[in-house]
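These notes concern the structure reproduced below.
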Amino acid sequence: MDYIRSIGNEHVSSFEAVFKLCDKNASILDELTFKAHRALEKQDEVLIEQLRDYEQSLRQLSADLVDKTYAYVLQYSAKTPNEKNEFLVCKKNQGLKCGMWININKNPRVKVIEMPDLDIVAEIPKSVALATVAVRILQYPPSIAVKHVSKNKYSNVGGMMSFDLLSLPPTCKKTKTWTVRQVTHLSTNISCLSYPIAPAGTDPSLMRQNSGPIPPVRITCTLEGKMIYKEAAPLVGWWDKETQSWEQEGISEVSLEKNEETGAHKLSFLTTHLTKLALLQSKTLCFPYVDWFIRPLGERGSNMVMLTLSTAMGVSFEFEVGEGYVKLCSPELKELSHLVNKEMYSRELLSALKECGLNLMPVDEDADFTDLTPKDKDVEYGACEEIASICSSFLISASKWNNEAGSEVCLARISEILDFGRTMIQDLTRIFTKEKTEPPRSVSVAYKNKKGVTFVDALNRYEKYNGLPDPIDNPSIFGEIHYNMLALLEGSKTEGIAGTTENYNIQAQAETLSYCRTTSPILCNTLADLLYALRIFSFS
């Protein structure tokens, strides 16, 4: 916090100076993000909260520094008009675009603000053109934009834009060799005006209610960077501080065109809200996960596995998981070229995908906009660890009944590998479609709750989910709780269960269990963390 206080008090007198500070903040944010990911892996809740608060404070610091720069320019710049009698500022740096416009001579024929250096055009109504205000247009890249966690189902993608009407400071007076400037709060801070602009002595909050139809502003801008947009029709929203959500009221005629060569998107829309604006995409576009599979790569004993994940939006992902790294293998989309086949930490990769518009890191609140029930976090993390412990010698897949089992239970289907020549995705599909109950290549359903792990008779081909039988009335391998997967797979030693056909069919070979026990713990931890970051059980 000392850094934030010291930098926050710095005097910034140019956009070049503030760009350097924002670049420095972005570097610190990268380091913070890395530490936050590691804290999440360790489930250090206290450290996670501290890092998130510091990250948000640092992002807000960048925004405050940019505001101070605008205040300085408004106070001290000569405001020399261009050939159109406009005062125009266009500055940019690595995705951060800063524009400002003042109609110095109040020309009523001015209806368009053009900022070619920033790829921004704004069509303004006469009331704005003739007002004694400055028009500020800002575009923040995702790397430094203040994060807004919306209470509705939408999140911003492609960064964030701010379109504001700023109060002008008192005009300076020149007397011979002296320049006299009045020192006010506008000397170091900006003041954003409401829209429609309220006449002097009028309550700004009542203007929107009583002013009749509000003339909209058309904004056309370019969203640079890697972005995948999958909404059926483009959506733009404005940030409502009161509801803490992205709202779409007052936004119309939205269009989004992609430049296939550069990957940039041209966004155009009408808005009656001059504030923070953004392109929106549903946070739950990828959910529920339609299916997922885990299979080992290479021969028995190799410490690499592949997670195949099919999402609700029709895009499938393949993640190679090794000792301490995760690698995105597909989809090989142009927008993801900077991520494909690159070894990264699991949350580092998922965060990068989120910046591209692909949210694979859901939180419990996201389930409110789906038909899914979030799992108890301790049970889910335990299930991820149990699944990871057998990943080198078993094929693993999603269970159709996982959501119906409730918040206290996680289900997954497993099949022992007896032939490592049959571990391709087509082999998994065939095995888990047939769902044989007798070896070889039999399929069982693992059941994890707070007590431990067991098997449940709940194959996907069944018409309904019956849960566990009563252990007293119907003692069986289905419902006999063990402390971990390896103990469960050894089979039951209980009299009356040990000799049953069900126990024989489910029991794994001793050699298979031996290989499971020698699987790299680093691989197991890496896979468990990826599965938990994906919330693989809560959102499938």
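The values are calculated or read from the model by the stated rules, or taken from the named source; none is laboratory data. In this text the structure is predicted, and so the values were computed from the model without any measurement. Glycine also receives a Cβ, built like all others from the backbone with ideal geometry; neighbour counts cover every protein chain displayed.
At a glance:
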item	result
Unmet criterion (only one of (1) closer than 29 Å to E247 by Cβ; (2) touching a helix residue (DSSP H, G or I) at 6+ places or on another chain (Cβ under 6 Å); (3) at pLDDT below 95) for C98	(3)
Unmet criterion (only one of (1) surrounded by fewer than 17 Cβ atoms within 10 Å (Cβ to Cβ); (2) at pLDDT below 95; (3) not small (G, A, S)) for P475	(1)
Subset tally (residues that are over 15 Å from G225 (Cα atoms), touching a Leu at 6+ places or on another chain (Cβ under 7 Å) and in a loop (DSSP other than H, G, I, E, B)) for the stretch 254-284	1
Considering residues of the stretch 295-349 that are β-branched (V, I, T) and part of a strand (DSSP E or B) only, the residue farthest from Y229 (Cα to Cα)	V305
Residue list for the stretch 89-124, restricted to those being of a type in the set (A, V, I, L, M, F, W, C), in contact (Cβ under 8 Å) with a residue 60 or more places away in the chain and either part of a loop (DSSP other than H, G, I, E, B) or exposed (fewer than 15 other Cβ atoms within 10 Å of the Cβ) (or both)	I124
Neighbours by Cβ (under 6 Å, 6+ apart or cross-chain): first from the stretch 167-183, touching a residue at least 40 places away in the same chain (Cβ under 8 Å); second of a type in the set (V, I, T)	L168/T132
Single residue of the stretch 401-455 satisfying the filter (aromatic (F, W, Y) and out of contact with any Lys or Arg (no Cβ under 8 Å at 6 or more places or on another chain)) that is surrounded by the fewest Cβ atoms within 10 Å (Cβ to Cβ)	W401
Residue identified as within 29 Å of E380 (Cβ to Cβ), among the acidic types (D, E) and out of contact with any helix residue (DSSP H, G or I) (no Cβ under 8 Å at 6 or more places or on another chain) among E41, E55, E16, E49	E49
Test result for L349, within 30 Å of V453 (Cβ to Cβ), buried (at least 21 other Cβ atoms within 10 Å of the Cβ), in the same structural domain as L527 (by TED's automatic domain parsing) and touching a residue at least 60 places away in the same chain (Cβ under 8 Å)	no
Matching residues in the stretch 117-139 - criterion: being under 22 Å from A71 (Cβ atoms) and of a type in the set (G, A, S)	A122, A131, A134
Qualifying residue in the stretch 219-227 (condition: at pLDDT below 95, among the hydrophobic types (A, V, I, L, M, F, W, C), outside the structural domain of M313 (by TED's automatic domain parsing) and surrounded by 19 or more Cβ atoms within 10 Å (Cβ to Cβ))	yes
Residues of the stretch 132-161 satisfying the condition of being surrounded by fewer than 18 Cβ atoms within 10 Å (Cβ to Cβ) and over 19 Å from the mean Cα position of the chain (by Cα)	T132
Among residues of the stretch 229-253, those that are in a strand (DSSP E or B), surrounded by fewer than 16 Cβ atoms within 10 Å (Cβ to Cβ) and either acidic (D, E) or free of Cβ contacts under 8 Å to residues at least 24 places away in the same chain (or both), counted	1
Some residue of the stretch 33-48 being small (G, A, S), under 25 Å from the mean Cα position of the chain (by Cα), part of a helix (DSSP H, G or I) and buried (at least 18 other Cβ atoms within 10 Å of the Cβ)	yes
Criterion violated by A487 - all others in (1) surrounded by 15 or more Cβ atoms within 10 Å (Cβ to Cβ); (2) without any contact (Cβ under 8 Å) to a residue 60 or more places away in the chain; (3) not in a loop (DSSP other than H, G, I, E, B) satisfied	(1)
Residue that is nearest to S194 (Cα to Cα), among those in the stretch 244-267 that are β-branched (V, I, T) and modelled with pLDDT of 95 or more	I251
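Every residue, every condition in (1) under 21 Å from A122 (Cβ atoms); (2) touching a Leu at 6+ places or on another chain (Cβ under 7 Å); (3) assigned to a loop (DSSP other than H, G, I, E, B), yes or no:
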residue: S162; (1), (2), (3): yes, yes, no
residue: T171; (1), (2), (3): no, no, yes
residue: V183; (1), (2), (3): no, no, yes
residue: I214; (1), (2), (3): yes, no, yes
residue: C221; (1), (2), (3): yes, yes, no
residue: M227; (1), (2), (3): no, no, yes
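The rows are residues; the columns are (1) of a type in the set (D, E, K, R); (2) within 37 Å of the chain's Cα centre (by Cα).
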| position | (1), (2) |
| --- | --- |
| E408 | yes, yes |
| M424 | no, yes |
| D427 | yes, yes |
| T437 | no, no |
| Y447 | no, yes |
| Y462 | no, yes |
| G467 | no, yes |
| L486 | no, yes |
| G491 | no, no |
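Let's see how each residue does on (1) in contact (Cβ under 8 Å) with a residue 12 or more places away in the chain; (2) outside the structural domain of K377 (by TED's automatic domain parsing); (3) of a type outside the set (D, E):
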| residue | (1), (2), (3) |
| --- | --- |
| R441 | yes, no, yes |
| V445 | yes, no, yes |
| G452 | yes, no, yes |
| E463 | no, no, no |
| N466 | no, no, yes |
